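Chemist: Have a look at this one before I ask anything.
The values are calculated or read from the model by the stated rules, or taken from the named source; none is laboratory data. Keep in mind the model is a prediction, meaning the values are calculated, not measured. With ideal geometry, Cβ positions are generated from the backbone for all residues, glycine too; neighbour counts draw on all protein chains shown.
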Amino acid sequence: MHRSDASLPVVGLGCCRRLPLDGLCDSEIEHLADPAVGQLYIGTTPPMSAIASAVINRLMPRYPRMVFHLIAESVPILMLELRRRNIELAIARMVAPASTTDGLAAAASNSVI
């Protein structure tokens, strides 16, 4: 393989194919090289946003090259955003038992008065 090649060989189950690296931007490659660099998308409910902000403020000096994105929404919206992988962490109070098969529907039904 030549150094000018923009792909890496992937070997598995007896076959070999190439995966292009063109889709990765520099920040994603930098994150792979240094786990203290990157972005974290956090969702929280408005009452919990003060706690989330305090935690982020303590983490920022330790990880100056990390970027934290914080959104404040209701629990059903946060659960939907988690499923869509738009946020990586949700900070909220539990509104339904963890054994519920559909937490989003349970959260929505518990929030209706």
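Chemist: Name the single residue that is surrounded by the most Cβ atoms within 10 Å (Cβ to Cβ) among those in region 35-92 being polar (S, T, N, Q) and outside any helix (DSSP H, G or I).
Modeler: Out of the qualifying residues, it is THR44.
Chemist: Could I ask something else about it? Kindly indicate whether any position in region 20-29 is at pLDDT below 65, in contact with a strand residue (DSSP E or B) (Cβ under 9 Å, 6 or more places away or on another chain) and hydroxyl-bearing (Ser, Thr, Tyr).
Modeler: yes
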